[in-house]
Each structure stands twice: as structure tokens, then as C-alpha cells.
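To keep things clear, I will list the structure first and then write my remarks on it.
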Amino acid sequence: MSAARLPAALAPWAGALSALSPELAVALGPLLRRLDQLVGAREPVTDGPGEPDGTGGIGRSGRPEQLLPAEWLLAEEHPDEFLRRFVDRELLYLAPEFRSTVTRGRTVALVDAGPSQAGAGRLVQLAALLVLHRRAAARGSELLVGVLGDPPGRWLAGEPADLLPSWLAARRPTEPTAEQVREATAGLDAADRVWLLTSPRLAAGLPGLPAGPAPDPAGPSGPPRVLATEVARWGSAGATHVTVRLDRTEVELPLPAADIAVRALRGAEFRRNGPVLVPAPADAAGPPGRALPAFTTDATLLLTRGRREGTLLATDVRLTEHKHAAVTRTKAHRLNGQVIAAGRTGRRLFALHLHRDRVLRYVSGRKVGGAAEFVVDPAFLGLDATVAEALASRPLLPLLCSGDDLLVPVAGRWRRIAPDGAVTDDGPVDERAEGPHGFERFREPRLFERAPQPGERLARHLVHAGGTAAWSEDGGRWHVRTRLGEERQLSFRKKALVAGLVHDGREPVLITWSPDSRMVRAIRYDGVRTLSRFSGGTAPPAVHPTEPLIAAEVRPGRVVVGDATTGRIHHVIGSNE
């Protein structure tokens, strides 16, 4: 929603309110601003820098007294090289470490979807979720929403346009219990900030809540911060005001008018049409036909190349069991030189990039043990000029974690990189995994979740995913053994390449791509579905190794992501629409 269409007091909220109609955004304004003031003292946007605590590694910037002794020796022996490294920001400094107890985890909202929160309570929850989402985004974090009564670990996430319809659809016929609150919080990280949006009845029955002031936000998350709502005043058309209690603070807040409130509670005032458009950063949009989407690990993270060399674009394209898919924005990681391999493990994104005849490691997310940086000779990875040129026109290689080491397949060999940068050979890449369009992880037997059986191991063609294997001698007739031990026969007549294997429930589905017609199809035992909305690309689509996800660059600068079994599009990345 444009800030120009909002009152001046709500203009800073334009991004968060873009998921609502202008009428509902204005009607929620007074409630939204008062809740933001109430929550602000307990959900800070910025953290303090902390106190100095010695040195914590090696960096590329700092004061002269932080230079490593070896750099001063270089300045004495080779002053010209010292100046060159200074200009190119290659000198190494001792990086200062700061001690801070401020929590940096996610913001988690547990919502009461029981009967007592119907109506007025849900309107307060709507405003509170917008407040918490905006504050989490400002801190560079994310908001997770859990519905009390759902299985532990099931979360709603993403932008408000995707999050709010799923939250609204979550209605429960019974009141939640204190035990469900304990179950929902049991698996959270210590750094997560937990909020409970509920009624005074449940709030009064929760044990372990502090009797005094709210917990210090700089300490561990502790018990959830409870925002309890009940109706305070009624009018001829219904509730007009609510009482909101947070810790020892109690305020009376106005509700939107009855007509707009009813439409909001029915979902009529939410704005969501078609697939989610995820524009890439303006200076990082992919060059024509060179985005080369890839799923390099089991994470639901799609990696594409940017326009500039060294730009790595990462988009979370996770699917949920709810009606609306969750989505996050594309994030641009700018590295020096050519990006060779990348992959996300847990909350870390690792990448290897080639810069000035050296291979460097890039890490985004949680800190890793060992050296802050390391430098690898490309020759140790089998990465000569010819190999590097070929990799530049192919999707990124997978970068996998094996304990503290990194594994990457380069030039027909698996290379193991230790935390200190030492490289060792870890065996050959299976010849079936070296395809015309680059390394194909779904054909590499060593990445199979179980030991391949004789028929699978010796077949000319092999693909696998999630414990299911499909193999063939002629590339047209395929034998499939599912992860549950069931046998299937799949076949297709048209000349096509198998791009991956997914599951539709328990049924295996082969995803094929025809080089001549550029058509993408889903091959099942009971029929064939043409995925026309993923067809037309100049390269095979990317298929996720464990989820029924497919991504294809259907035309230059436009990548679509969606369900590999139904053909439904969930995300459009890099679109100008």
C-alpha cells in the first residue's frame, strides 16, 4: 500500500499494512499505534553494541594497532606489496569481540484460536501480529506464528499477505490449555522472544509467569510475554472497546467499526491475488537466461545468480500445510569474484567464491568455529581456468556440511575442506551425476538416503529422492522402489531428460524436460501431466531433493517456483509485474 494513501500517522506502516485494504488499514490505525507503544518497551527494534571483550577472530578492516604482526613484517620487507594489499583491503586485522546478553532470536507469537477470542480478541491479535512482524523485520529477524492446539513445530511464517489468511483460517472449537502452551514453547531456542495472544482466563492459569515487572529483554526469553484481551464496552452494533493487559499494564483500546470489523474477520479485507511476486534487488536481477536456479541442499532455499559477478540471490520458497504458502523476500549476498558453490545448513549459508586466483569462504548466519576466513589454492580443488569458465554457465555446485568440514564436487572429484582450509580428495563423483548441464545431485549415489541395492547401483540411469530410487537401462522405462519398499513401473515415449524425482503423497513422480520442445512433464504410474507453466526454459528445471518443489527460468529474468505434482505456481521471482 502506498504511504500516500494512508494518514500521516500511519505512513511508516505502509509496508506492513499492504496486506490489508486501505479501509481496514485506516480503521485499525488507533488500535495499531497504541499496541505498538505498549509492545515497544518489551520488543526492542535495535540492540546495544555490547561491551568490549578482547578479540574474536581475524577481519579485513580495523585500526593500525589491530594489524597482525605478519602484516607489519610485510610492510618492512615489501612495502609496495603492503600498500597494494591495503588499497585492495586484503590486510588482516584482529577483530574486536563484544559481549552482549541481548537476545537475537526469532519473534514467536502463540495465538489462542478458541471461542473466547472470536470477534474482538481476533481483531486485537490481527493488530498485534502486524506490530510484532514489523518489529521483527526491523531487527533483521522473522516472525513465527503458532496456533495453540496444532502439533508442536508447525509454524506460520512469511510476509503479512501470506501469514494473515492462514492465521485467520485457524479456528479451534475448544479453548487452549496451559499444557498446550508448554508444548508449543518446549522446542524453541533460548534466544527466541515468545508472545502469547490469548484471553485472561488462560493467562491466569499459566504457571511460572513472573509476579513482578516484565522480564528484562536483554536476558533469556523465559516465560512468554502474555497479551490478554477481553471486551470492555459494548454498543448497539457490538463491542466497541477492549481491555488489553500486558504484565502489570492495563489499557482500554478502541475497536474498528462493526461493519469493517466483520468484513475483516471474514477475510474480505485481506489483499492477496495469485502467486507471490518476489522481485530481486534492482541491482541484482539475473542476466537474460543466466539466473540458473538451483536447490543445492535439503533446505527450501532457491539459489540464483545475479546480474553482477559475485551476486548470489537466495529466496526461501518453503511450503506449508496451510492454505496460503509462506514466503520471504529475495536476499542478495554480494561476494568478490565468481561464485562456485553454495548451500544452506541450519541457519548458515555457506558459499565458495573465486577471487584473484584464490578460493574464499563466505558464511552468512551464525558464526562458525575455527578461522574466521580461509584461503584455498584453486589447484587443490581441481579448479583451473577451463573448469571455472564451464561452471560460470551452469547452476551453482552444492556445498554440503560433513561435520565441521565442507564437501563440494568439482571436476569429477569430491573435495573435503577442513575448517582451516586444508583440502583432501574424498573420492570420485559418479559418472551418472556429471550431466550436460552440470552436476546433478539427484543422480549421485553417495547422496542417497539408504544403501543402493544391486539393481539400482549398477543401472545405466539412476535418480533418487527422499529414500526412493528410480533406475533404467534405456532412459525410457523406469523401475521405481519407493522409500516404503513398494514397486512401480514408469515410462514415457517422448525423448526427454529426467530432471528429478518427487513424491505426491506416497506416489513417486518423475519430472522430465524435453530439449526439443522444452516441455516439462510429471510422469506418474497412472498418467502424465504437462507442467506448461514451468515449460519453455532453455535449461532443465531445478527440482528439490526432498519436497515437491520445482523452479524454472521460463524466460530471461523470470523464475517461477511451485508444486511439481500439480503445476501450481507459488512464487514468481525477478518479475517486473
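The values are calculated or read from the model by the stated rules, or taken from the named source; none is laboratory data. Just so it is clear, the model here is predicted, and its values are computed rather than measured. Heads up, the Cβs are rebuilt from the backbone with ideal geometry, glycines too, and the neighbour counts pull from every protein chain shown. All accessible areas refer to the heavy atoms of the entire protein, side chains included, with ligands and DNA or RNA removed. Shrake-Rupley method; radii C 1.70, N 1.55, O 1.52, S 1.80 Å.
Structure summary
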{"read-out": "Inter-label distance for Ala75 and Leu497, nm, one decimal - labels placed 7 Å from Cα along Cα-to-Cβ", "value": "5.4"}
{"read-out": "Solvent-accessible area per residue, Å², over region 428-577 with all protein chains present [probe radius 1.4 Å]", "value": "47"}
{"read-out": "Phi to ³J(HN,Hα) by Karplus 6.51 cos²θ - 1.76 cosθ + 1.60 over region 172-186, Hz, x for Gly, Pro", "value": "10, x, 10, 6, x, 10, 5, 5, 5, 5, 4, 5, 5, 8, 4"}
{"read-out": "Rg(Cα) / (2.2 N^0.38 Å) computed for region 484-577, rounded to two decimals", "value": "1.06"}
{"read-out": "Percent accessible area from carbon and sulfur atoms, region 379-497, protein chains only, probe 1.4 Å", "value": "50"}
{"read-out": "Largest-first ordering by accessible area, 1.4 Å probe, given options Lys331, Lys495", "value": "Lys495, Lys331"}
{"read-out": "Most to least accessible of Val339, Val387 (protein chains only, probe 1.4 Å)", "value": "Val387, Val339"}
{"read-out": "In nm, spacing of pseudo-spin labels at Leu68 and Arg533 (7 Å Cα→C-beta vector)", "value": "5.2"}
{"read-out": "Local net charge near Glu252, Cβ-Cβ under 13 Å (Lys/Arg +1, Asp/Glu -1)", "value": "+1"}
{"read-out": "Sequence-distant residues sharing a close amide H with Val226 (under 5 Å, placed H)", "value": "Leu196, Asp247"}
{"read-out": "Glu444 accessible area, 1.4 Å probe, all protein chains in place, Å² to nearest 10", "value": "10"}
{"read-out": "At R0 = 41 Å, FRET efficiency that the Cβ-Cβ distance of Thr546 and Leu83 yields, to 0.05", "value": "0.20"}
{"read-out": "Length added when fully stretched, Glu90-Glu431, from 0.36 nm per residue minus Cα-Cα", "value": "118.9 nm"}
{"read-out": "Ala118-Asp516 FRET efficiency (beta carbon distance; Förster radius 51 Å; 0.05 resolution)", "value": "0.35"}
{"read-out": "Accessible-area value, Arg182, 1.4 Å probe, nucleic acids and ligands omitted, Å²", "value": "110"}
{"read-out": "Radius 13 Å from Cβ of Glu473, net charge of other residues (Lys, Arg +1; Asp, Glu -1)", "value": "+1"}
{"read-out": "Extended-chain gain in nm, criterion 0.36 nm per residue less alpha-carbon gap, Ala385 and Arg182", "value": "67.4 nm"}
{"read-out": "Probe 1.4 Å - accessible area at Val528, Å² to nearest ten", "value": "90"}
{"read-out": "Residue-count net charge about Arg290 - beta-carbon cut-off 9 Å; Lys, Arg +1, Asp, Glu -1", "value": "+1"}
